[in-house]
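S.K.: Below are the structure tokens for one structure; questions will follow.
The values are calculated or read from the model by the stated rules, or taken from the named source; none is laboratory data. None of these values were measured; they are calculated from a predicted model. Cβ placement follows ideal geometry from the backbone for every residue including glycine, while neighbour counts extend to all protein chains displayed. In case anyone asks, the SASA skips ligands and DNA or RNA and just uses the protein heavy atoms, side chains included. Shrake-Rupley method; radii C 1.70, N 1.55, O 1.52, S 1.80 Å.
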Amino acid sequence: MTHIYDVAVIGAGAAGMMCAAVAGQRGLRVVLIDHADKLAEKIRISGGGRCNFTNLGAGPANFLSENPHFCRSALAGYGPRDFLELLRRHGVAWHEKHRGQLFCDDTSESIIDVLRAECGAGQVQWRMGCGVAEIAREAAGADGDAAARAGAPDGVFVLRTTTAGTLRAAKLVIATGGMAIPQLGATDYGLKVARQFGLKVVEPRPALVPLTFDPALWQPFAALSGVALEAGVRSGQGEFLEDLLFTHRGLSGPAILQISSYWNPGEPLSLDLAPGLDLGQDLVAAKPGNRQQLGTVLAGLWPRRLAEAWLEGDGLATQRLADIPDKTLRALAARIHDWTLVPTGTAGYKKAEVMRGGVDTRGLDQKSMQARAVSGLHFIGEAVDVTGWLGGYNFQWAWASAVACGKAL
């Protein structure tokens, strides 16, 4: 049996559910398809189970893309305040945690419930645990009745599914996300669909991800696993002041997750481990009569384990501050303010929060998310080459791109 719809949305995550809800509430016949049996696992685990669902400061400057102006229209059309109004209507309480990051007071399940209810209001039909094995574009002449019923004089999209038979739809929305967290079912499905229809793809890679280093070179720091401190970090066009975390294999924490989206293989990182200080001047000024050992002085600024590891091997740790030459102190401070090192790679998609790259937005219309070369084919959310900062920005892109698309269908 063939089922005819106005819109088929593949991917029942944040963007897919929002788009389906908007389209359904406009009176369109919508089917929402997902290969997973359990709904929206990435929403469920996000924000430590409380879902960092947006950021009050979200704007175009917080997103990376090879076509940086593409996101402006969608973000202008649906901002953080719009999503907060949706939560207010559903009675979801929230709080601001840090730098504009908004979380549910209760659990992430609250966000899933809102999206499910919105889809219900639009009479969206669900097909969970349903894979789409094949997508084809069928010209109107091949099945004129089906095309006419779907309102698609130019033809319909034919979806051959694993459990729901063959579905036909005038419009097709790909909201399958990226490849981050494959253990939750993430794949490159959306990129395969884009390539199938001749769209260009910006090479994908893990983003918001820990960085790793040569094990031999990292060995002196591996024992610092678990040590955290605030640091400034720079690479390429990115610069952040956030918490840094040492791990057995390298560096993590918000500072590194943020800069990982800007870092390119082979490029160095520059870390300021004493941000906001003029450490050289401060150490020299503290010298007169100071009988404290340098290791003790540094331990007053840093976690003690870091201070001990940093000074190990150079004989300075046990020297009294007053006895150390100014030149030596200034050189030490310079290394602390500009610790330069080159990562060997990232911790991969299993540890990444999102994927950078995706469907090239130069082939999409910024107001509708429709492929310029394929009428009726739309891409939204993480599958698109728009990657937000850490802190709720990627969810805001999911909502904004979904609403723009849903209103245009």
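S.K.: With a cut-off of 8 Å between alpha carbons and a minimum separation of six or more residues, what is the relative contact order of region 211-346 in percent? The partial results should precede the final answer.
M.R.: Details: 241 pairs, mean separation 41.0, N = 136.
Over region 211-346, the number comes to 30 percent.
S.K.: Given 0.36 nm per residue, what is the gain on full extension from Ala408 to Leu184 after removing their alpha carbon distance, in nm? Spell out each step's value before the answer.
M.R.: On the way: separation 224, 0.36 × 224 = 80.64 nm, distance 3.02 nm.
Once the chain is fully extended between Ala408 and Leu184, it gains 77.6 nm.
S.K.: Then there's this: Once you charge only the Cβ atoms, +1 for Lys and Arg and -1 for Asp and Glu, what is the size of the charge dipole of region 70-137 about its Cα centre, to the nearest 20 debye?
M.R.: Working: 9 positive and 9 negative charges, 59 e Å.
So the dipole magnitude of region 70-137 works out to roughly 280 debye.
S.K.: Going through region 83-132, which trypsin sites (Lys or Arg not before Pro) have at most 16 other Cβ atoms within 10 Å and a DSSP loop state? Walk me through the intermediate numbers first.
M.R.: Values: sites: Arg88, Arg89, Lys97, Arg99, Arg116, Arg127; in loops: Arg99.
Those satisfying the criteria are Arg99.
S.K.: Could you check the spin-label model distance between Gln237 and Ser270? Points 7 Å from the Cα along Cα→Cβ, value in nm.
M.R.: About 1.8 nm separates the two model spin labels.
S.K.: Rank Thr318, Thr346 by accessible area, highest first, at a 1.4 Å probe radius? Mind dumping the intermediate values first?
M.R.: Working: Thr318 100, Thr346 45 Å².
I get Thr318, Thr346, largest accessible area first.
S.K.: Using a Gaussian network model on the chain with a 10 Å cutoff between Cα atoms, which of Val386, Val202, Val31 fluctuates the most?
M.R.: Comparing Val386, Val202, Val31 in the GNM, the peak value goes to Val202.
S.K.: If you wrap a convex hull around the C-alpha atoms of region 211-346 and split its volume per residue, what is the figure in Å³?
M.R.: Values: hull volume 13.4 nm³, N = 136.
Convex hull of Cα atoms, per residue: 98 Å³.
S.K.: Assuming R0 = 51 Å, can you tell me the calculated FRET efficiency for the pair Lys38 and Thr328, based on Cβ-Cβ distance, to the nearest 0.05? Working shown, then result.
M.R.: Numbers: r = 59 Å, r/R0 = 1.16.
Using R0 = 51 Å, I get an efficiency of 0.30.
S.K.: Which value, to two decimals, describes the C-alpha radius of gyration of the chain once divided by 2.2 N^0.38 Å? List each step's numbers first, then the result.
M.R.: Details: Rg = 25.4 Å, N = 409, 2.2 N^0.38 = 21.6 Å.
Working it through for the chain, the quotient is 1.18.
S.K.: Suppose we keep just the DSSP beta bridges with both residues in the chain; what percent of those would be antiparallel, to 5?
M.R.: About 70 percent, rounded to the nearest 5.
S.K.: Considering only DSSP states other than H, G, I, E and B, which trypsin sites (Lys or Arg not before Pro) in region 274-318 qualify as loop sites with at most 12 other Cβ atoms within 10 Å?
M.R.: Values: sites: Arg291, Arg304, Arg305; in loops: Arg291.
For trypsin sites (Lys or Arg not before Pro) across region 274-318 that sit outside H, G, I, E and B with at most 12 neighbouring Cβ atoms in 10 Å, the list reads Arg291.
S.K.: To continue, here is another question. Work from the charge dipole of region 211-346 (Cβ charges, +1 for Lys and Arg, -1 for Asp and Glu, about the Cα centre) and give the residue of Gly253, Gln319, Val297 farthest towards its positive end.
M.R.: Checked the options; the winner is Gln319.
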